[in-house]
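A.B. asks: Can you keep this structure in mind? I'll have questions shortly.
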Amino acid sequence: MAAKGERIAMLTAYDFPTARVLDEAGIDVLLVGDSLAMVVQGHETTLPVTLDQIIYHAEMVGRAARRALVVVDLPFPEGQLDVGRTLAAGARILKETRCRAVKLEGGSEQAHRIDALVTAGIPVMAHVGLRPQNIHIDGGYRVQRDAERLIADAQAAADAGAFAVLIECVPADIAAQITAAIKVPTIGIGAGSEVSGQVLVTNDLIGLTNGYLPRFVKQYSDVQGVISKAVQDYAQEVKSGEYPGPEHQF
Ligand code: KIV
Ligand code: NA
């Protein structure tokens, strides 16, 4: 798609019905992101979600996807400890789910891991710029502006065999430079428009997230409002006796 100049539309998915809707709507890549920890499990960072939990959700998304490529995040600390553990985690994802690739946070310092995964037959999407798994070192979620380092990270990931590089929270001009510099497609989130594709957390764009939305999110719908209205109408009709009506009874 990138070679044809076609922009890639990627979104997160964590369950079967949502993944089915996204796949049928034409989303190209589904990400079983470790944002699962925050969006679905209610944690404050992405760190708590486990490999077993990610795999449980990847099974659901893998069963739903007919057309989309499904990528699964390597959760903390599967991509931080020894390479053998990273390989074992990647292998479990490919063996136990119908998903076909993993995503690994990091650039230059992860090149040896990307190389090992790809050598083992496990496709890797790299993830540079803001790295949510690094939150306790960075002390917060901030825009990443070190152009030289970011380009070197993306380059190292591509050279190591990553099939794509995700770029998170980077000024648009730097993301454009990265995209021009490397051979594989780039997927941006908060990285402007001069990239090969975009990714967002689905719950953010449909309006089903509690609280803060980063500047780069465009909210296309108010699903929280839709659900809230439906269940309030239901509760009110139960209490008034309007539901169930004769047509709902045997
Ligand atoms: O876990 C996630 O949702 C991500 C984002 C970059 C979309 O990694
Ligand atoms: Na992630």
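A.B. asks: Please state which one of ALA126, ALA162 is within 16 Å of ligand 1 (Cβ to nearest atom), assigned to a loop (DSSP other than H, G, I, E, B), of a type outside the set (Lys, Arg) and buried (at least 22 other Cβ atoms within 10 Å of the Cβ). Step through it out loud before you land on a result.
C.D. replies: Details: ALA126 fails: assigned to a loop (DSSP other than H, G, I, E, B).
Within the list ALA126, ALA162, the selection yields ALA162.
A.B. asks: Same structure again: Being among the acidic types (Asp, Glu), out of contact with any Pro (no Cβ under 9 Å at 6 or more places or on another chain) and either part of a helix (DSSP H, G or I) or in contact (Cβ under 8 Å) with a residue 60 or more places away in the chain (or both) is the filter here, so list the residues in region 193-237 that pass it.
C.D. replies: Applying the first criterion (among the acidic types (Asp, Glu)) to region 193-237 yields 194, 204, 222, 233, 237.
When the remaining residues are screened for being out of contact with any Pro (no Cβ under 9 Å at 6 or more places or on another chain), the result is 194, 222, 233.
Matches in region 193-237: ASP233 only.
A.B. asks: I'm trying to understand the selection: among the residues of region 104-121, which are surrounded by 23 or more Cβ atoms within 10 Å (Cβ to Cβ) and either farther than 17 Å from GLN80 by Cβ or within 14 Å of ligand 1 (Cβ to nearest atom) (or both)?
C.D. replies: Answer for region 104-121, where residues must be surrounded by 23 or more Cβ atoms within 10 Å (Cβ to Cβ) and either farther than 17 Å from GLN80 by Cβ or within 14 Å of ligand 1 (Cβ to nearest atom) (or both): LEU104, GLU105.
A.B. asks: Does VAL184 meet the test of being over 17 Å from ASP34 (Cβ atoms), assigned to a loop (DSSP other than H, G, I, E, B) and of a type outside the set (Gly, Ala, Ser)?
C.D. replies: yes
A.B. asks: ILE137 is checked against (1) closer than 19 Å to VAL184 by Cβ; (2) part of a helix (DSSP H, G or I) and fails just one. What number does that condition carry?
C.D. replies: Going through the list (1) closer than 19 Å to VAL184 by Cβ; (2) part of a helix (DSSP H, G or I), ILE137 breaks only (1).
A.B. asks: Follow-up. Looking at the structure I just gave you, is GLY33 in contact with a strand residue (DSSP E or B) (Cβ under 9 Å, 6 or more places away or on another chain), of a type in the set (Gly, Ala, Ser), in contact (Cβ under 8 Å) with a residue 60 or more places away in the chain and closer than 24 Å to VAL118 by Cβ? Show your work before the answer.
C.D. replies: Values: in contact with a strand residue (DSSP E or B) (Cβ under 9 Å, 6 or more places away or on another chain): yes; of a type in the set (Gly, Ala, Ser): yes; in contact (Cβ under 8 Å) with a residue 60 or more places away in the chain: yes; closer than 24 Å to VAL118 by Cβ: yes.
Criteria met by GLY33.
A.B. asks: In region 1-99, which strands (runs of 3 or more DSSP E) lie fully inside it and hold 2 or more residues that are out of contact with any helix residue (DSSP H, G or I) (no Cβ under 7 Å at 6 or more places or on another chain), more than 24 Å from ILE137 (Cβ to Cβ) and modelled with pLDDT of 95 or more? Quick ask: steps written out before the conclusion?
C.D. replies: On the way: elements: 8-12, 29-32, 69-73.
Where strands (runs of 3 or more DSSP E) fall fully within region 1-99 and carry at least 2 residues being out of contact with any helix residue (DSSP H, G or I) (no Cβ under 7 Å at 6 or more places or on another chain), more than 24 Å from ILE137 (Cβ to Cβ) and modelled with pLDDT of 95 or more, they are 8-12, 69-73.
A.B. asks: Would you please name the residue that is surrounded by the fewest Cβ atoms within 10 Å (Cβ to Cβ), looking only at residues in region 9-29 that are within 14 Å of ILE54 (Cβ to Cβ) and within 13 Å of ligand 2 (Cβ to nearest atom)?
C.D. replies: TYR14
A.B. asks: Say we look at region 95-116 and pick out the residues that are within 16 Å of ligand 2 (Cβ to nearest atom) and in contact with a Pro (Cβ under 9 Å, 6 or more places away or on another chain); which of these is farthest from ARG67 (Cα to Cα)?
C.D. replies: Selected residue: GLU105.
A.B. asks: Just name the residue that is farthest from VAL71 (Cα to Cα) out of those in region 179-200 that are away from ligand 1 (no atom under 13 Å from the Cβ) and in contact with a strand residue (DSSP E or B) (Cβ under 6 Å, 6 or more places away or on another chain).
C.D. replies: Step one: of region 179-200, the residues away from ligand 1 (no atom under 13 Å from the Cβ) are 179-185, 192-194, 196.
Filter once more, keeping what is in contact with a strand residue (DSSP E or B) (Cβ under 6 Å, 6 or more places away or on another chain): 179, 184-185, 196.
Numbers: THR179: 20, VAL184: 16, PRO185: 15, SER196: 17 Å.
Out of the qualifying residues, it is THR179.
A.B. asks: If you don't mind, there's one more thing I want to ask. If you go through region 42-68 one residue at a time, how many are on the phi < 0 side of the Ramachandran plot and free of Cβ contacts under 8 Å to residues at least 12 places away in the same chain?
C.D. replies: 5
The values are calculated or read from the model by the stated rules, or taken from the named source; none is laboratory data. Because the structure is predicted, anything quoted here is derived from the model rather than measured. As a convention, Cβ positions derive from the backbone with ideal geometry for all residues, glycine included, and neighbour counts pool all protein chains shown.
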